[in-house]
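The values are calculated or read from the model by the stated rules, or taken from the named source; none is laboratory data. These figures come from a predicted structure and were not determined experimentally. Virtual Cβ from ideal backbone geometry, glycine too; neighbours counted across all protein chains shown.
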């Protein structure tokens, strides 16, 4: 089946700010500071965790986010063929806490006696395995890793739907920051004091076809209009300009009314935005999320998308551009549109 | 309208050698290059062998600083990519302007740098220096390194689907081109031998106690390997316009998930069956059109019986007549690289009309009731080949390649 559009119908999020879209909105609109720590969460409050007993934090957070997204979309999963539900999991660092523990066992313990559980839980696709098993997701399932994996995941998820490979696609972003990363990244940035205490968490969205939402008679959050990803070493100024120019068309051609962005550091982010605005020759309000979601990687990237979704007025044809500028020069933009009278 | 998708260039690096010709020669000699691992102590593991790429085969066309900063995995995938793009018909300058994407699959990326990083972290050593080890530890860095090196300025996508990663990367490239999103993609997979992986597979009791014998009744497990396979996946008209030599057409791809277990495959093979079925249906071919199946065939009890069941269930009548072999007794299991490397081997089967032998196969197993090829077979014509890859977490992929039929 080919579809005439891909829509976002469910949101799930759990992290520094709390759990669920209302707490998330409150965090963004009013508080804006880290409210919770990983230890504050009892996952049993959100779902049956029997299958998560041995799981790493990433798998627990992403399972809860997916549960929330499915509930938010009002999906009755059992009504769908398991093979027609897909998932794209995005992460930058994967299950790092277990990876570290596994290395510790190998280094200070006996490498010949390491725990098989730690090894299997250290692989980057472990979160997709847990989530897939819990929610019976048997269609196309992939894990993408990288600094820009969330926008890539949304792009690929949209293609899976529009190509008719799956009818429903869960797209998940997850990363749990920890001391290993904190200490390491402090050496990589110009302003190490900016490394926050945010731990990340997980965000998930549900993608569906227009046919599916018409049938279910639900209101989507937004339509997925376009995703662009390009790569260059943006640490070189000229190259960065080239990357930013690649994003200009999204702004210029599509009547974007707001840009939501974030970057490794504000200075570079602003430099990129300046290139874009200079070329589109118009004033577009920009929300820079760098401080709020800095260093929470795929979780922060998905939170940024969710923030945008909560800002797209459903009834209008407004367009919001979510932009991501990453350390390695992978730059992406996601254009979301209000649905207006389309549905 | 759906596009036709072909593979036009290929590079491969395994313990069998570098490039298609060396690999073909190894097929002819029925040669296994598995040997005792010397880079870390293996004497207390179930196996001491692996398929290790000889250092002399790795390209050193990098300056000293670059070499030092890069993980072995970057070197290996760089070499395979360089060979894939070395054809005179690939204009490297043009790649930059056409925003060529690169999609790679790996299980663990820069795992050797990762081992060093964690070693220093755990023992609280080299605090300032160890941050540089992060540079090529994360797998996404290898993709970006290739992007920079070869001016591939499109999307750099890194897939982590365990042992199905490499084939998935090619499959994603196929899907994107077929649906008209791209017309020229560099895709492949890679992984390197490491203590991290060796100890892990040992802990799961999956290492072979003797020879790797896929589909044999007395099989006892897998032997690990390392390597990379990189191909250019291209839209047919795009390839014809630039006069590229077409190695094969991709006519089907299926990818599913088991949703069953973190490491064990589903013994009922539901997901794997569905992946194979999807690939076959997409290809629009009959079972007896398939001339050869390059199986995932790891040599573990669970995988080989599951894969046999999947092939028989998905392909139905005639499936047990199709010649099947696993090339892992020659190369070892290259994890995320294996699917891409075996896709390149499948291209060789088509271009050289050869079916590599399933080395060490001796005893029939009723749970693997397939037509296992004991020794290499040189045929008059091999037109259509299926290649399967299955990974931890229940990731299943199947691809079908066919000699180009211009009609």
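Quick one: is residue A:225 away from chain B (no Cβ under 14 Å), at pLDDT below 90 and within 22 Å of the chain's Cα centre (by Cα)? Spell out how you get there, then give the answer.
On the way: away from chain B (no Cβ under 14 Å): yes; at pLDDT below 90: yes; within 22 Å of the chain's Cα centre (by Cα): yes.
Judged against the criteria, residue A:225 is a match.
Hand me the list of helices (runs of 4 or more DSSP H) wholly inside the stretch B:162-248 holding 1 or more residues that are away from chain A (no Cβ under 14 Å) and free of Cβ contacts under 8 Å to residues at least 60 places away in the same chain.
On the way: elements: B:165-178, B:195-203, B:236-241.
Per the criteria, B:236-241.
Answer with yes or no whether residue B:255 is surrounded by fewer than 24 Cβ atoms within 10 Å (Cβ to Cβ) and not in a loop (DSSP other than H, G, I, E, B). I'd like the intermediate steps shown before the answer.
Working: surrounded by fewer than 24 Cβ atoms within 10 Å (Cβ to Cβ): no; not in a loop (DSSP other than H, G, I, E, B): yes.
Criteria not met by residue B:255.
Residues are listed down the side, and each one gets a yes or a no for (1) within 10 Å of chain B (Cβ to nearest Cβ); (2) in contact with a helix residue (DSSP H, G or I) (Cβ under 7 Å, 6 or more places away or on another chain):
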{"site": "A:62", "(1), (2)": "no, yes"}
{"site": "A:65", "(1), (2)": "no, no"}
{"site": "A:68", "(1), (2)": "no, no"}
{"site": "A:76", "(1), (2)": "no, no"}
{"site": "A:93", "(1), (2)": "yes, yes"}
{"site": "A:104", "(1), (2)": "yes, yes"}
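Output the residue which, of all residues in the stretch A:137-155 that are in contact (Cβ under 8 Å) with a residue 60 or more places away in the chain and facing chain B (nearest Cβ under 7 Å), is surrounded by the fewest Cβ atoms within 10 Å (Cβ to Cβ). Don't jump to the end; show me each part of the working.
Residues of the stretch A:137-155 in contact (Cβ under 8 Å) with a residue 60 or more places away in the chain: A:146-155.
Filter once more, so that each one left must be facing chain B (nearest Cβ under 7 Å): A:146-147, A:152.
Values: A:146: 30, A:147: 25, A:152: 27.
Result: A:147.
Does residue B:73 fit the bill of being within 14 Å of another protein chain (Cβ to nearest Cβ), modelled with pLDDT of 90 or more, out of contact with any helix residue (DSSP H, G or I) (no Cβ under 7 Å at 6 or more places or on another chain) and buried (at least 20 other Cβ atoms within 10 Å of the Cβ)? Walk me through it before giving the result.
Values: within 14 Å of another protein chain (Cβ to nearest Cβ): yes; modelled with pLDDT of 90 or more: yes; out of contact with any helix residue (DSSP H, G or I) (no Cβ under 7 Å at 6 or more places or on another chain): no; buried (at least 20 other Cβ atoms within 10 Å of the Cβ): yes.
For residue B:73, the condition - within 14 Å of another protein chain (Cβ to nearest Cβ), modelled with pLDDT of 90 or more, out of contact with any helix residue (DSSP H, G or I) (no Cβ under 7 Å at 6 or more places or on another chain) and buried (at least 20 other Cβ atoms within 10 Å of the Cβ) - is not met.
Working only within the stretch B:206-234, note down all residues that are farther than 16 Å from residue B:328 by Cα and either modelled with pLDDT under 95 or surrounded by 20 or more Cβ atoms within 10 Å (Cβ to Cβ) (or both).
Correct list: B:230, B:231, B:232, B:233, B:234.
Within the stretch B:78-88, identify whether any single residue is surrounded by fewer than 22 Cβ atoms within 10 Å (Cβ to Cβ), in a loop (DSSP other than H, G, I, E, B), touching a strand residue (DSSP E or B) at 6+ places or on another chain (Cβ under 6 Å) and within 14 Å of another protein chain (Cβ to nearest Cβ), and answer yes or no.
no
Could you figure out which of (1) assigned to a helix (DSSP H, G or I); (2) crowded, with 17+ Cβ neighbours inside 10 Å; (3) touching a residue at least 60 places away in the same chain (Cβ under 8 Å) isn't true of residue A:23?
(3)
Would you list the helices (runs of 4 or more DSSP H) that sit entirely within the stretch A:67-150 and hold 2 or more residues that are under 23 Å from residue B:40 (Cβ atoms)? So that I can check it myself, show each step before the final result.
Values: elements: A:96-108, A:116-122, A:126-135.
Filter on the stretch A:67-150 gives A:96-108, A:116-122.
Out of the residues in the stretch B:116-137 that are at the interface with chain A (Cβ under 7 Å from one of its Cβ atoms) and under 27 Å from residue B:169 (Cβ atoms), which is farthest from the chain's Cα centre (by Cα)?
B:118
Are any of the residues in the stretch A:228-239 in contact with a strand residue (DSSP E or B) (Cβ under 8 Å, 6 or more places away or on another chain) and at pLDDT 75 or above? Spell out how you get there, then give the answer.
Filtering the stretch A:228-239 for residues in contact with a strand residue (DSSP E or B) (Cβ under 8 Å, 6 or more places away or on another chain) gives A:228-232, A:234.
Subsequent filtering for residues that are at pLDDT 75 or above retains A:228-229.
Yes, there is a match, as at least one residue in the stretch A:228-239 is in contact with a strand residue (DSSP E or B) (Cβ under 8 Å, 6 or more places away or on another chain) and at pLDDT 75 or above.
Tally the residues that are in contact with a strand residue (DSSP E or B) (Cβ under 7 Å, 6 or more places away or on another chain), in a loop (DSSP other than H, G, I, E, B) and modelled with pLDDT of 90 or more, restricting the search to the stretch A:197-222.
Number satisfying all stated conditions: 3.
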